[in-house]
Structure formats: C-alpha cells, structure tokens
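Notes follow the structure.
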Amino acid sequence: LDTAAALDPAGTGVDLARALRDPDPAFRRAAATVVALPAPPATFAALAAAVVEDSDADVALGAAQSLCMSFDPGAPASAKPILDALGDPGLARLRAIVPGRRPDVAAARDAARCLTADGTPASLAAARTIPPAPQANVPAPLPTTSPTASPPAGDDVAEPASPAPKKRRAQRTHRGAAR
C-alpha cells in the first residue's frame, strides 16, 4: 500500500472506500493510515465512515488518526471540515475509543486532536485521558560526579601526593622512636 500511495497524487493508491470495507481488519487499518497527510478532502467521508462504522476499534482509530492529523491545531477553522465529516456519531465514537488505547498511545493522541478541536466538555474530558507526548531528543542529565569517570580532556588533573608528607611522617615516627 505504501508504494501505491506514493504513486497516487490523491494520496491513497487504492479505492479507499472499498479498501475500508475489506474483510481483513489489518488491511483496513493499513488503508486508513497510508493516506497522505494532510488527508485530501475527497477522503474525509470514507475515513469518517470508518471511524463511525468499523467494528474494529483499531481501524476506527487509524482512520481518525489520518483525519485528525490533517488540520492545523492553531487554526480552528481548518478543523471544521473534518469535524463536520465526523459529525456527532464520529466524535462519540472517538470519545469511546480514545481513552482506552494504551498500547497505541501515539495514535490515540493524534485522534484526540479532533476531540480537542471539538471543544465540548465530554470531548475535552476524553482528550485529557491521553498521557502527554514525551519530550523528543532531550538527553538525560549527566551525573555531576562519578568515582570511575575520567576527567574531561583539558581539565587540570591533580598531581599525586608528593613524597614529602611521607618523609615527614617517617621523620616523626623516627623522632618519636628516638625519644
């Protein structure tokens, strides 16, 4: 499907409505998620129908992910055509399936964008159940001291203790013994 989608200017590579009716749920999910982003408006109806009607929640979530990743969250007007395609039944299905999607949190987070754009108290409550996205490319803090770590290059390295203190101890010992 990826190759077919790459060759199709509409972004699906297949008859999306037909693919979303395939008996194999894995194929339906793949068809829903291979849609180029932003999803072309011609795909909104088929994807929204999958959100509402598909018996497999993973397929519905994949279709919602493609739809909900297709608008700019900073421009609420860009969400309107997608929210209109989903309608009340699609948003109700998202409110039902998004909160429980722990194995696929990233897809649930993407689909929750539609719930946030909807802005109703029920949709916002469902969207808040998704854990926040992890911070990407944030290195773990380095330990400040380590007994086995080598000092960084260029730092002054303490010289080993000079033998002078040993001589003094030896002299003291000797003096003490001489008395």
Q: Using the heavy atoms of the protein chains and a 1.4 angstrom probe, tell me the accessible area per residue for region 5-121 in square angstrom.
A: 46 Å²
(Q) Sort 88-96, 58-66, 119-127, 73-81 by packing, meaning the average of other beta carbons within 10 Å per residue, with the highest value first. (A) 58-66, 88-96, 119-127, 73-81
Q: Using just the alpha carbons, could you tell me how many Å³ per residue the convex hull of region 21-104 encloses?
A: 93 Å³
Q | Theoretical gain in end-to-end length, D88 to R102 [0.36 nm per residue, Cα-Cα removed] | A | 2.6 nm
Q) Between D22 and A75, what length comes free when the chain is fully extended (0.36 nm per residue of separation minus the Cα-Cα distance, one decimal in nm)? A) 15.6 nm
(Q) Below 11 angstrom from the Cβ of I97, what's the summed charge of the other residues (Lys, Arg +1; Asp, Glu -1)? (A) -1
(Q) Could you tell me what a quarter of the Cα convex hull surface of region 51-92 works out to, in nm² with one decimal place? (A) 2.8 nm²
Q: Using a 1.4 Å probe over the heavy atoms of the protein chains, calculate the carbon and sulfur portion of the accessible area of region 31-139 as a whole percent.
A: 61 percent
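The values are calculated or read from the model by the stated rules, or taken from the named source; none is laboratory data. Source: prediction; values computed, not measured. Methodologically, a virtual Cβ is constructed for each residue, glycine included, from the backbone with ideal geometry; neighbour enumeration extends over all protein chains shown. Each accessible area value is taken on the protein alone, full model and side chains, heavy atoms only, with ligands, DNA and RNA left out. Shrake-Rupley method; radii C 1.70, N 1.55, O 1.52, S 1.80 Å.
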